[in-house]
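The values are calculated or read from the model by the stated rules, or taken from the named source; none is laboratory data. None of the values given here were measured: they were computed from a predicted structure. Here the Cβ positions follow ideal geometry from the backbone for every residue, glycine too, while neighbour counts run over all protein chains shown.
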């Protein structure tokens, strides 16, 4: 299977639709805006676009509270707009991946309204309802991810319903065969329209403990951590029977040609890889977020790569992610200069890379004034730095009003340097981070060793992490200096020399290398080795 599917060699690009491009002046990005920017994505070399939710929603959690799984929220457009977008994506040779949010619906979804109407309603068991504890309190101690208890009391029916996130996001009961079939029908609705796959939101949450036992306390919790981390989520997620559910979803996608199933999973490696399935019947790509939380040190990054490669099941395809809509941007975490070697790391490791919009222009998190905060997590637990708005700000496209994102007032503020840090300016600068991303993507496309070759660990020495990618007789050496001082990259003893294919500084391509080469601070090199 290695390297034979489009999702095994393509570059996936995540779009947060509210923030990519506004086409109608309301300050919120939309589907037509995405269509207007497809030529840019084609220029960059993107193979597949993943769009965060755009379905009808009250927007309690900005689209992750869905009121209709088979529609488009008017703020983003119409189904006709979606069909035009999909056609234009395919016309450019790209794929389209949708967000699928099966763990919970909106409390405004007709299913939940019916479920809530009566204990005898046929859809009552479509959601998770439990009697109060003997003292009238919630059924157990489970906590919500955005703060507070995970149970809300419904006075009309005298029971609590469970919500892993906001009260406006009641969890569906995936032990119900009717729920499973209804959600599989949702997948089929979009697959029949021609979408190429799904990224499944919080896939590890779908099954809960049948006995609803209390979660144990977390001995490592301290007041600077989110309240959800007071407890270890032992019984509220990642249950053993989740894998049957994932396999059922996968079977739906397998009934269509060349589709991909991606799972959002924040779990340690040994639990993450279980989502491939024992016979690779699970998610094609259980998202690997290890780099998002890694200390930015050569030794730590090398350890993560080695452990991940070792943990993958036979035939399982790896993937890497540096940033997404829920986490701090990579340039904020590691620094603007270091973001360049992060780009080289992402695009030279073995496996499918996912690029978050704005990373290619070096966007950092944008401070959000208190009166402009949108994220419900920040509102529920203010001042602790958990808010996700700073990583969701509008894409800067060009100098001028709102950096070309909108003719109106953007829903979140843009980066303070948007008049300089924008696509138009950086495209014109041959040594910009944007041009570096494009060159890396082009090189990955033309070099089978990067696209699908083997990963061979070379060594870590101080702040230097070096590894090889090999395909047939072709050998590429990647050297990354994670430090603030020069480092010496030594070629393998069996290499007669080499030629620099790409430097993160974009200034030494074509240079010949003997046995050693000096790497400047925060510099990465890709060297083609001579046999």
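Restricting 363, 355, 347 to residues that are within 24 Å of residue 419 (Cβ to Cβ) and either assigned by TED's automatic domain parsing to the domain that holds residue 501 or in contact with a strand residue (DSSP E or B) (Cβ under 6 Å, 6 or more places away or on another chain) (or both) narrows the list to 355.
Within region 46-63, is even one residue out of contact with any strand residue (DSSP E or B) (no Cβ under 8 Å at 6 or more places or on another chain), within 21 Å of residue 228 (Cβ to Cβ) and not assigned by TED's automatic domain parsing to the domain that holds residue 33? No: zero hits.
Residues considered: 439, 499, 508, 421. Of these, the only one that is surrounded by 20 or more Cβ atoms within 10 Å (Cβ to Cβ), under 27 Å from residue 44 (Cα atoms) and touching a strand residue (DSSP E or B) at 6+ places or on another chain (Cβ under 7 Å) is 439. Contact annotation: no residue pair with Cβ atoms under 6 Å, 6 or more positions apart or on different chains, pairs a residue in region 172-199 that is over 16 Å from residue 96 (Cβ atoms) with a partner that is surrounded by fewer than 22 Cβ atoms within 10 Å (Cβ to Cβ) and at pLDDT below 95. Only one entry in 272, 280 is assigned to a helix (DSSP H, G or I) and under 27 Å from residue 5 (Cβ atoms), namely 272. What do you reckon, is residue 231 surrounded by 16 or more Cβ atoms within 10 Å (Cβ to Cβ), in contact (Cβ under 8 Å) with a residue 12 or more places away in the chain and over 30 Å from residue 252 (Cα atoms)? Taking the combined requirement at face value, the residue satisfies it. Residue 306 meets each of the listed conditions (1) in contact (Cβ under 8 Å) with a residue 60 or more places away in the chain; (2) over 27 Å from residue 425 (Cβ atoms); (3) over 16 Å from the mean Cα position of the chain (by Cα); (4) buried (at least 22 other Cβ atoms within 10 Å of the Cβ) apart from (4).
Out of 217, 240, 223, I need the residue that is at pLDDT 95 or above, more than 24 Å from residue 275 (Cα to Cα) and over 23 Å from the mean Cα position of the chain (by Cα). Which one? Before you say what the answer is, go through the steps one by one.
Working: 240 fails: more than 24 Å from residue 275 (Cα to Cα); 223 fails: at pLDDT 95 or above.
So the residue among 217, 240, 223 that is at pLDDT 95 or above, more than 24 Å from residue 275 (Cα to Cα) and over 23 Å from the mean Cα position of the chain (by Cα) is 217.
Here residue 174 fulfils each of the conditions (1) in a loop (DSSP other than H, G, I, E, B); (2) closer than 27 Å to residue 287 by Cβ; (3) touching a strand residue (DSSP E or B) at 6+ places or on another chain (Cβ under 6 Å) apart from (3).
Taken as a whole, the structure leaves residue 518 outside the set of residues that are out of contact with any strand residue (DSSP E or B) (no Cβ under 9 Å at 6 or more places or on another chain) and not assigned by TED's automatic domain parsing to the domain that holds residue 298. Of all residues being free of Cβ contacts under 8 Å to residues at least 40 places away in the same chain and in a loop (DSSP other than H, G, I, E, B) in region 448-494, which is surrounded by the most Cβ atoms within 10 Å (Cβ to Cβ)? Just the residue, please. Result: 491. Please indicate, with yes or no, whether at least one residue in region 406-426 is within 24 Å of residue 227 (Cα to Cα), in contact with a helix residue (DSSP H, G or I) (Cβ under 7 Å, 6 or more places away or on another chain) and in the same structural domain as residue 29 (by TED's automatic domain parsing). So far as region 406-426 goes, no, none of its residues is within 24 Å of residue 227 (Cα to Cα), in contact with a helix residue (DSSP H, G or I) (Cβ under 7 Å, 6 or more places away or on another chain) and in the same structural domain as residue 29 (by TED's automatic domain parsing). All of 310, 306 fail the test of being out of contact with any strand residue (DSSP E or B) (no Cβ under 9 Å at 6 or more places or on another chain), closer than 14 Å to residue 351 by Cα and in the same structural domain as residue 202 (by TED's automatic domain parsing), apart from 310.
Residues that are crowded, with 16+ Cβ neighbours inside 10 Å and in contact (Cβ under 8 Å) with a residue 24 or more places away in the chain within region 381-401 comprise 381, 386, 388, 390, 391, 392, 393, 394, 395, 396, 397, 398, listed in sequence order.
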